[in-house]
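Okay, so here's the structure we're looking at.
Just so you know, all these numbers are worked out from the coordinates, no wet-lab data involved. No experiment lies behind these values; they were computed from the predicted model shown. Neighbour counts are summed over all protein chains in view; Cβ atoms, including those assigned to glycine, are modelled from backbone coordinates with ideal geometry.
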Amino acid sequence: MALDSITLHHLINELRPLLTGSRIDKIHQPEKEEVHIIIRNNRPLKLLLNCSSNHARLHLTSENKKNPLSPPMFCMILRKHLEGGKILEINQQGLERVVKIIIQNYNDRGDLQSFELILEIMGKHSNLILLDSASQTILDGLKRYSHSVSRHREVLPGRIYIAPPSQNKHEPVRTEEKFKELILLQPLEQSLKTILVASFNGISPELAKEILLRAGLDDGAVLEHCGDIDLSRLYQAYSFFLIDTLNEAWASPEPCVYFQDQTKILAQAFTFIPYAQYSPYPLEKNPSLNEAVGLYHQKRQDFHTTEAMRGSLRKIVQDHLAHMVKKLNIYEDAIERAEKGLAYRKSGELITSNIYRIPAGAKQVELEDYTDPELKAVRIELDPRLTPTGNAQKYFKLYNKAKATILKTKPLQAEAQTEINYLSSLRVSLDQASSPDELKEIHNELIEQKYIAGKNLPARNKADKKHGTKKKQPEKLSLPHVYTSGSGHPIIVGRNNKQNDRMTWREARPHDLWLHVKQIPGSHVIVPLQEGEEFPDDTTLLEAAALAAYFSQARGSSHIPVDYTHVRQIKKPNGAKPGMVVYEQNWSLLITPRQDTIDALLATETGAELDSGIS
């Protein structure tokens, strides 16, 4: 979601009292198109200025990003002219998405000089430019380009700054008559949304859609189908968003961040007041628009970081899984062929019991099968170069070879299947991980199980470094999902294999209830019970089973078998991989989770410290 002009206006109004009069301490450029300015006011603040094509913005942030070893040239220019300077003003250029920060500082000669740091938010043409205020000369731009790139202007040191080209849109209209007049000048077959965006300054596609909804019109409404009353309602909705309009929304804004679903992993949009178009989405209200903008972009960044890490780890798991499936197919083919070879034993036995009937040099013989009640004849191929005894020994050797193949291959088949089950559980954990921390745990698990090379070195504090000793720091344990059933009972769900092990073997008590989908990779689910309580209430049991199905490879299926038993019945075989368990005594139920039930449970999620115990 782009930062539109109206939202930018309210954001600048928030930032102005925080930034005006403050001093610039340090400047960093942690990313190619992002600058962080450390500001000294009553408290230290960090202003983020980003001019990337998809995420151009400004807001205060507390995020600490790693800086390059040597600062980029643009960062050095900013440091030279702006560090130690005082911010005099921050303002928006009309309803354009151009922010100007005026800074006063001493130049090389010791004279006070004014500078302008201009952030242009214009999609792929976004830029951050430093000017000398007096001469309007460009000192440098984060993105430099000449007339070969833009015929309108050059952004190069020494050139006079020229503002971005005007889009020839109308400034805010204050009368209904003028508004209708401008609307009716447009082609009748054009949509009102397109007309609002193309005709009026400061209107983004999202804001145009919101204006239409507030006017009671459809998102795809066409001018030809609108009457005078429709246009009057459209103007009333439009005038509500004019930045100098006095209304309650401006007096007490309610900044919101909307998310795609109840997990609140991926942010959908941010607004300075609640928008009707996003009402179906879960929202989180923020005390300030600045925090809402920061939260939105942080969530988006975390999501993309998570997806990149997920893709990398998933490829590793998928490659190992494909390799193991290939090995399993080889083992199964070998066993299938060997099982056919077990019939050679009967051929050898029939030849042995009928040696006196087989002439030398025979190529085949028909003998009665004495194991068949009807004594049916069996045709047996012979090697004419061998004696009947030699042919019998040949068939016994083939039988023994087949038997040995089965005895040797069966354990390998079982190991391959176990490995496939484990890798499948890793894939489920990867698909359902919602944060970089969860993926990091899976990455560490892959290292420990030797699927990838690497080593987790223990943290070392300054004292340990000084004395040359290594001191192992306590492992920071992650948190499981903790939900509340409809009857108020906690339900705890593991996020990955290592956490499943911690929950089942270290945190859960012997009398607690344990649930897992039957013979399908998925999370361990624990329902804490009181001493003497054998089972929870039916609502909790069914909802725990629904969560076990949801956090498994069977998500989205119907009639999913879920096993449940007490923790005391769970066993872990020696040498078993993380998350792998066996159990003999259990109960089962078939469940088809309803989406509304799952959504209601996900909305109750809370965190719980694992090292304090489940109970």
Next on the checklist: Pairs of alpha-carbon atoms within less than 8 angstrom and 6+ residues apart define the contacts here; what relative contact order does segment 339-410 have, in percent?
Outcome noted: 42 percent
Checklist outcome for this item: Under the 7 Å Cα-to-Cβ spin-label approximation, His511 and Gln417 lie apart by a distance in nanometres of 3.7 nm
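What do you get for trypsin sites (Lys or Arg not before Pro) in segment 98-168 restricted to DSSP loop and a cutoff of at most 14 other Cβ within 10 Å of the site's Cβ?
Arg109, Arg151
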Checklist entry - For the Cα atoms of the chain, what angle does the longest principal axis make with the long axis of helix 388-432, in degrees from 0 to 90, nearest 10? => result 20 degrees
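Residue separation times 0.36 nm, minus the C-alpha to C-alpha distance between Asn41 and Ser148: what's the value? All intermediate terms of the calculation are to be shown ahead of the outcome.
On the way: separation 107, 0.36 × 107 = 38.52 nm, distance 4.27 nm.
Gain on stretching Asn41 to Ser148: 34.2 nm.
Output the peptides 513-524, 389-400 sorted from most to least packed, where packing is the average of other Cβ atoms within 10 Å over each peptide's residues. Provide the component values of the computation, followed by the final result.
Values: 513-524: 22.9, 389-400: 17.2.
Ranked from most to least packed, the peptides come out as 513-524, 389-400.
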Checklist entry - For segment 205-221, what does the Karplus curve 6.51 cos²θ - 1.76 cosθ + 1.60, with θ = phi - 60°, yield as ³J(HN,Hα) per residue in whole Hz, taken in order and with x for Gly and Pro? => result x, 5, 5, 4, 5, 5, 4, 4, 5, 5, 8, x, 10, 6, 4, x, 4
Next on the checklist: From the alpha carbon gyration tensor of segment 481-612, can you work out the equivalent ellipsoid semi-axes (sqrt of 5 times each eigenvalue) and give them in Å, largest to smallest?
Outcome noted: 20, 17, 15
Checklist outcome for this item: Residue-ordered couplings for segment 154-170, obtained by feeding phi - 60° into the Karplus form 6.51 cos²θ - 1.76 cosθ + 1.60 and rounding to whole Hz (Gly and Pro as x), are 10, 10, 9, x, x, 7, 6, 6, 10, 5, x, x, 6, 8, 6, 9, 7
Item to check | Under-5 Å amide H pairs with His59, H placed in peptide plane, nonlocal only | outcome: Leu48
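If Lys and Arg each add +1 and Asp and Glu each add -1, what is the summed charge of the other residues whose beta carbon sits under 13 Å from the beta carbon of Gly486?
-4
Let me check against my output: what whole-number percent is the relative contact order of the chain, with C-alpha pairs under 8 Å and at least 6 apart?
On the way: 1030 pairs, mean separation 46.1, N = 615.
Across the chain, relative contact order equals 8 percent.
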Next on the checklist: Please list, short to long, the whole-number percent of alpha-carbon pairs of the chain in consecutive 20 angstrom bins beginning at zero.
Outcome noted: 14, 31, 30, 15, 7, 2, 0
Next on the checklist: Net charge around Ile406, counting only other residues with Cβ within less than 14 Å of its Cβ (Lys, Arg = +1; Asp, Glu = -1)?
Outcome noted: +3
Checklist entry - Taking a 19 Å limit on the Cα-Cα distance, which of the listed pairs Lys65/Lys100; Lys440/Lys518; Lys264/Lys315; Lys450/Lys577 fall beyond it? => result Lys65/Lys100; Lys440/Lys518; Lys264/Lys315
Item to check | Interchain or long-range residues, amide H under 5 Å from His566's placed H | outcome: Trp514
Next on the checklist: I'd like the FRET efficiency for Thr137 and Lys178, computed as 1/(1 + (r/R0)^6) with the beta carbon distance as r and R0 of 45 Å, rounded to 0.05.
Outcome noted: 0.70
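Net charge around Leu182, counting only other residues with Cβ within less than 13 Å of its Cβ (Lys, Arg = +1; Asp, Glu = -1)? Please list the in-between numbers first.
Working: positive: Lys169, Arg174, Lys178, Lys180; negative: Glu171, Glu176, Glu177, Glu181.
So the environment of Leu182 carries a net charge of 0.
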Checklist entry - Per-residue HN-Hα couplings for segment 357-370, Karplus 6.51 cos²θ - 1.76 cosθ + 1.60 at θ = phi - 60°, whole Hz, x for Gly and Pro? => result 9, 9, x, 5, x, 5, 8, 7, 8, 10, 10, 6, 7, 6
Checklist entry - Any idea how far the Cα center of segment 358-410 sits from the one of segment 312-352, in Å? => result 24 Å
Item to check | Partners for Lys80 among lysines (Cα-Cα distance below 17 Å; same-chain residues under 8 apart left out) | outcome: Lys26
Checklist entry - Do the sum for the chain: with -39,500 (n - 2.57) for every DSSP H run of n ≥ 4, divided by all residues, what is the mean residue ellipticity at 222 nm, to the nearest 500 deg cm²/dmol? => result -12000 deg cm²/dmol
Item to check | Partner aspartates and glutamates for Lys376 [C-alpha distance under 14 Å; skip if fewer than 8 residues away on the same chain] | outcome: Glu366, Glu368
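Would segment 339-410 count as rounded, prolate or oblate if I go by the C-alpha gyration tensor, calling it rounded below 1.5 in a/c and otherwise prolate when a/b exceeds b/c, oblate otherwise?
Numbers: a/c = 2.64, a/b = 1.40, b/c = 1.89.
It is oblate, given that a/c is not under 1.5 and a/b is not larger than b/c.
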Next on the checklist: Can you classify segment 5-141 as rounded, prolate or oblate using the Cα gyration tensor, where a ≥ b ≥ c are the square roots of its eigenvalues, rounded means a/c under 1.5, and otherwise it's prolate if a/b beats b/c and oblate if not?
Outcome noted: rounded
Next on the checklist: At a 10 angstrom cut-off on C-beta neighbours, averaged per residue, how do the peptides 227-234, 55-62 rank from highest to lowest?
Outcome noted: 55-62, 227-234
Checklist entry - Out of residues 5 or more away from Ala269 or on other chains, whose amide H comes under 5 Å of its own, with H placed 1.01 Å from N in the peptide plane? => result Tyr258
Checklist outcome for this item: If R0 = 22 Å, then Glu89 and Gln167, at their Cβ-Cβ distance, give a FRET efficiency to the nearest 0.05 of 0.30
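What ranking do 275-285, 585-595 get when scored by the average of other Cβ atoms within 10 Å per residue, highest first?
Numbers: 275-285: 14.9, 585-595: 13.4.
Descending packing order for the listed peptides: 275-285, 585-595.
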Next on the checklist: Sequence gap at least 6, Cα distance under 8 Å: using those rules, report the relative contact order of segment 481-612 to the nearest whole percent.
Outcome noted: 29 percent
